[in-house]
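Have a look at the structure below before the remarks.
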Amino acid sequence: MKRKTELLAVAIVAILVIVILPLLNASGIVSNFTINLYGKYLSYAVLAISVDLLWGYTGLLSLGQCLFFTLGGYMMGMYLMRMIGNLGQYHMAIPDFLVFLGWNTLPTFWKPFASFPFALMMVVLLPGLLALVFGFLAFRSRIRGVYFSILTQALTYGACLLFFRNNLLMGGNNGFTDFKLLLQQDLRLPATQRMLYISTGILLLLTYCFCRWLTKTKFGKVQRAIRDSENRVLFSGYAAANFKLFVFVASAIIAALGGALYTPQVGIINPSEMATDKSLEAVVWVAVGGRGTLVGPIVGAIFVNTLKSWATRAYPDYWLIILGGMFLLVVLFLPKGIVGLISDCGGWIAEKFKTTPVVPDLKQTPDADSLPNPQPAIRNP
Amino acid sequence: MFFKTQKLNQVASLGRAISTTTLMKKFIRSFSAVTLAAFTLNAAPVLHAEDTVKVGILHSLSGTMAISETSLRDILLYTFDEINKSGGVMGKKIEPVIVDGASNWPLFAEKAKQLLEEDKVACVFGCWTSVSRKSVLPVFEKDNGLLFYPVQYEGEELSKNIFYTAEAVNQQATPAVDYLLAQGKKKFYLIGTDYVYPQTTNLILFKYLQLHGVPVENIGGGLRKDDSGKVISAGKYTPFGHTDYQQIVSDIKEFAASGDACVINTINGDSNVPFFKEIAAAGLTPASCPVVSFSLAEDELRALPTKDLVGELGCWTYFMSLKSPENKSFLAKWNDWLKTENYPGVVKEKRAVDSPMVLSYDGVYLWKKAVEKAGSFDVDKVRTALESGEINFAGPGGKTTMQANHHTVKNVYIGSTLANGQFKILKTFPEVKGEPFLLKGLDEQLEKKTAAN
């Protein structure tokens, strides 16, 4: 029953977001600004799902997920920088920041990024490989819990400092900006932005479907078992480290794909996106939306960012207090996040309007189900 | 846990600035509004009053840059009030639209889009860091907006939609070097934070110094060359927030042993504290080896231990200590405004005024004059007026004239730091023409020079 409702809701929202909204935009009812803004939120939602897959389903709280998101963004950014061609300030064939660092020719590692398929491959490969190596070392050493969180945070901070260096030839503090073309399409045109928005919507839908499928399989059951009691999983003969490694790499790739679509829509990618607070923000979105639900992170990412966009304009002096207050409220009163609240309300309504109270409360855990005397309501009908 | 300490500081200073009761009221009001807003986002109707013109303020009011940028928000609000009191711009009162860029560069781009596409502002005053300007530049070009940028920067950029009231490198760094050369300095040590402004400025200075007869071995801090042996980076660089300057300062001490050396400092922010502490500890004095800093103005000096900095040099197009009648009346009016204004979040006590603030102030008046000359708020017409070379304003720092190259002509001042965080003015370079593209011209001049030898 609940599964069906969720699938129906997801299908309706997906059609609304991927088909109806762009149509409304094309006919001028929804502004280009809104489409562009929601495109950004959807790419944040992809990042949030990747956090949920790790944290909500495997119990691995990564505080460095934005590293993979930003790396994906950088790989796409390198392609976009190459596509500027000689339209930059200096009208030279190499990116502007290299010119004012005194370069006349393109550094070797920049050369293949003129090819879109190569850039796309790197979007997946580089973050994937980094996650594989880091995850392999971390999980083999049985680094868990808070130590894992601290390590991921250190990793992203280290990468942030590295990318700040101009020596890396990745644009230093300024990063990449002033993009012009994507696949020969002018990025300034509303039609291009609309296509990017739709692509992000589709990516989000596919990500959701993949994660939903994954968590339903036997793999997903092991995943949750690791979250709930890793030692028991180990004693049952499962190589928990391998499962965790797979989830870590998969979530890194998901985040990177989100980042790759984020860059052309926002128009800038720079190392401050790797700063530790950005990854913390992503965790907050998941907590606000409801972790371990897959729908929750999407709701959380869109809700928090919409609120932020609105409050930084309407209450530029108080928006931090507004957002902070909301986080406190969620932590204190909504431990299951917005989605948890909705499903609780749903359960409450179902109980209220059902004449025969045989449907178990949605809040109940399987353990409570198996108790001999479950509900007072059943005892006195 | 989810906020950086700076944000907490910001909240704390906000709390000091306004009484608790107003804060609570506003807070409760905000909260009830939040629930409503969640449903009506981006759909709020835009009211177009006949007698007002919307102008955007795009600065960071939270995050790492808030400490610098809130001052610019304050001075802009003051300027708008002053203009509104004297009749507005072409009879229309300025209605500020304040947004918070939150030291978050993608958010800057988003807010710029919002100001131009949703609020449809006539003009935007904003940005501090180069990266924030780079992030909004494509937005302003796409939507044909107008941005006034007030903070000293590295140049090498010229957008038809941005007017730079900021100091270009030849209005700060090269005059400072001229001054030091005239003082008989022969050796120059370049040090900065590793980002685009110090890198570019030092590369320009590296060439400029050679052109003025300083041999390469007298330029300290190290060089980096590309495969062909061409110098692509000059000077010593430390990352943001660096604190350990012991080794670097001992290098400087060795470099300055001959007694005719000086240091060109483009270190940003808090790192200046340990840097100047080490300089003082090493026994380097302004007399033996002066340090000229390009990122430290009166507003920053409020937060630094000035005792380590007394006698060190600064170079800006405005100093608060200028004795001109324009500056005196400006400061008097600004202080009066601070006493009476009731904008939320404006700190009233111990305020300093510095170059970025005055350049913001100048920018508003240049825009006003251009609008009046064009007889329209239309961006293309205002741009044409600004590019005519006839728009000028006698501001607190002296006369400022906008040139066709979107940079200004203005006076440049060299000052030495006093214990109270002010500057004693040592020299004035009158009417220096701002020029954004210096690297190429310097390269050509250097080639000519080597060919002549």
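The values are calculated or read from the model by the stated rules, or taken from the named source; none is laboratory data. Keep in mind the model is a prediction, meaning the values are calculated, not measured. Because the Cβ atoms are built from the backbone with ideal geometry, glycine has one as well, and the counts that use them run over all protein chains shown.
Answer yes or no as to whether A:I342 is surrounded by 12 or more Cβ atoms within 10 Å (Cβ to Cβ) and modelled with pLDDT under 85.
On the way: surrounded by 12 or more Cβ atoms within 10 Å (Cβ to Cβ): yes; modelled with pLDDT under 85: yes.
Yes; evaluated as a whole, the condition is true for this residue.
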Q: Might you check whether a residue that is surrounded by 24 or more Cβ atoms within 10 Å (Cβ to Cβ), polar (S, T, N, Q), within 13 Å of chain A (Cβ to nearest Cβ) and under 20 Å from the mean Cα position of the chain (by Cα) occurs anywhere in the range B:145-154?
A: no
Q) Which condition breaks for A:K352 when tested against (1) part of a helix (DSSP H, G or I); (2) among the basic types (K, R); (3) surrounded by 17 or more Cβ atoms within 10 Å (Cβ to Cβ)? A) (3)
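Kindly indicate the residue of the range A:271-318 that is among the charged types (D, E, K, R) and within 12 Å of another protein chain (Cβ to nearest Cβ) and also farthest from A:V51 (Cα to Cα) among those meeting that condition. First the steps, then the outcome.
To start, the set of residues in the range A:271-318 that are among the charged types (D, E, K, R) comprises A:273, A:277-278, A:281, A:291, A:308, A:313, A:317.
With the extra rule that they be within 12 Å of another protein chain (Cβ to nearest Cβ), the set shrinks to A:273, A:277-278, A:281, A:308, A:313, A:317.
Details: A:E273: 16, A:D277: 14, A:K278: 12, A:E281: 11, A:K308: 20, A:R313: 28, A:D317: 30 Å.
Once the filter is applied, the top-ranked residue is A:D317.
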**Q.** Residue in the range A:229-256 that is surrounded by the most Cβ atoms within 10 Å (Cβ to Cβ), counting only those that are out of contact with any helix residue (DSSP H, G or I) (no Cβ under 6 Å at 6 or more places or on another chain) and among the aliphatic types (A, V, I, L, M)
**A.** A:A250
Q: May I ask you to verify whether B:E167 is at the interface with chain A (Cβ under 9 Å from one of its Cβ atoms) and under 18 Å from the mean Cα position of the chain (by Cα)?
A: no
Q: Identify the residue in the range B:386-402 that is of a type in the set (S, T, N, Q) and more than 19 Å from the chain's Cα centre (by Cα) and, among all such residues, is nearest to B:N327 (Cα to Cα).
A: B:N392
Q: Please indicate, with yes or no, whether at least one residue in the range A:75-85 is outside any helix (DSSP H, G or I), closer than 30 Å to A:F163 by Cα and modelled with pLDDT under 90.
A: yes
Q. Within 14 Å of chain A (Cβ to nearest Cβ), surrounded by fewer than 23 Cβ atoms within 10 Å (Cβ to Cβ), among the small types (G, A, S) and farther than 24 Å from B:T200 by Cβ: does that describe B:G87?
A. no
Q. Does any residue of the range B:233-245 turn out to be more than 10 Å from chain A (Cβ to nearest Cβ), out of contact with any Ser or Thr (no Cβ under 8 Å at 6 or more places or on another chain) and of a type outside the set (G, A, S)?
A. yes
Q.
I need the full set of residues from the range B:103-129 which are within 11 Å of chain A (Cβ to nearest Cβ), buried (at least 22 other Cβ atoms within 10 Å of the Cβ) and either of a type in the set (S, T, N, Q) or not in a helix (DSSP H, G or I) (or both), in order please.
A. B:S103, B:N104, B:Q114, B:T129
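Table: residues versus (1) closer than 22 Å to A:F246 by Cβ; (2) buried (at least 24 other Cβ atoms within 10 Å of the Cβ).
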position	(1), (2)
A:L47	yes, yes
A:T58	yes, yes
A:F68	yes, yes
A:L71	yes, yes
A:Y74	no, yes
A:G77	no, yes
A:M81	no, yes
A:N86	no, no
A:Q89	no, no
Q | Per-region count, the range B:93-102, residues more than 7 Å from chain A (Cβ to nearest Cβ) and either more than 16 Å from B:P138 (Cβ to Cβ) or outside any loop (DSSP other than H, G, I, E, B) (or both) | A | 5
**Q.** Test for B:Y179: is it modelled with pLDDT of 90 or more, more than 13 Å from chain A (Cβ to nearest Cβ) and surrounded by fewer than 23 Cβ atoms within 10 Å (Cβ to Cβ)
**A.** yes
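Please work out which residue is surrounded by the fewest Cβ atoms within 10 Å (Cβ to Cβ), limiting yourself to the range B:130-141 and to residues that are more than 17 Å from B:A166 (Cα to Cα) and in contact with a helix residue (DSSP H, G or I) (Cβ under 7 Å, 6 or more places away or on another chain).
B:F140
Results for (1) in a strand (DSSP E or B); (2) surrounded by fewer than 21 Cβ atoms within 10 Å (Cβ to Cβ); (3) within 11 Å of chain A (Cβ to nearest Cβ), shown as yes or no for each residue.
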| position | (1), (2), (3) |
| --- | --- |
| B:V55 | yes, no, no |
| B:L58 | yes, no, yes |
| B:L61 | no, no, yes |
| B:T64 | no, no, yes |
| B:I67 | no, yes, no |
| B:L72 | no, no, no |
| B:Y78 | no, no, no |
| B:E82 | no, yes, no |
Q: Go through the range A:1-33 residue by residue and tally those that are touching a residue at least 40 places away in the same chain (Cβ under 8 Å) and charged (D, E, K, R).
A: 2
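Please return the ranges of helices (runs of 4 or more DSSP H) entirely within the range A:162-261 where 3 or more residues are within 14 Å of chain B (Cβ to nearest Cβ) and in contact with a Gly (Cβ under 8 Å, 6 or more places away or on another chain). Before the answer, list the steps.
Values: elements: A:190-216, A:218-228, A:230-235.
It comes to none.
How many residues, within the range B:135-154, are assigned to a loop (DSSP other than H, G, I, E, B) and either touching a strand residue (DSSP E or B) at 6+ places or on another chain (Cβ under 8 Å) or farther than 26 Å from B:L442 by Cα (or both)? Give the steps one after another, and end with the answer.
To start, the set of residues in the range B:135-154 that are assigned to a loop (DSSP other than H, G, I, E, B) comprises B:144-146, B:150-154.
Cutting the leftovers down to either touching a strand residue (DSSP E or B) at 6+ places or on another chain (Cβ under 8 Å) or farther than 26 Å from B:L442 by Cα (or both) gives us B:144-146, B:150, B:152-153.
Total meeting the criteria: 6.
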(Q) Six or more apart or on different chains, Cβ atoms under 6 Å: show the pairs whose first residue is in the range A:102-125 and surrounded by fewer than 18 Cβ atoms within 10 Å (Cβ to Cβ) and whose second is at pLDDT below 85. (A) A:L106/A:I94; A:P107/A:L169
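Sort out which residues of the range A:16-44 are touching a Leu at 6+ places or on another chain (Cβ under 8 Å) and either within 20 Å of A:T263 (Cα to Cα) or more than 10 Å from every other protein chain (Cβ to nearest Cβ) (or both), and write them in order of number. Full working, then the answer.
First, the residues of the range A:16-44 that are touching a Leu at 6+ places or on another chain (Cβ under 8 Å): A:17-18, A:30, A:35, A:38-39, A:42-43.
Matches in the range A:16-44: A:V17, A:I18, A:I35, A:Y38, A:G39, A:L42, A:S43.
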Q | Exclusive hit being in contact with a helix residue (DSSP H, G or I) (Cβ under 9 Å, 6 or more places away or on another chain), farther than 30 Å from A:L280 by Cβ and within 14 Å of chain B (Cβ to nearest Cβ), set A:L61, A:L87, A:L80, A:L106 | A | A:L106
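In the range B:167-224, which residue that is aromatic (F, W, Y) and in a strand (DSSP E or B) is farthest from B:I279 (Cα to Cα)? Outline the logic, then answer.
Restricting attention to the range B:167-224, the residues satisfying the condition of being aromatic (F, W, Y) are B:179, B:188-189, B:195, B:197, B:206, B:208.
With the extra rule that they be in a strand (DSSP E or B), the set shrinks to B:188-189.
On the way: B:F188: 15, B:Y189: 13 Å.
Ranking the candidates gives B:F188 first.
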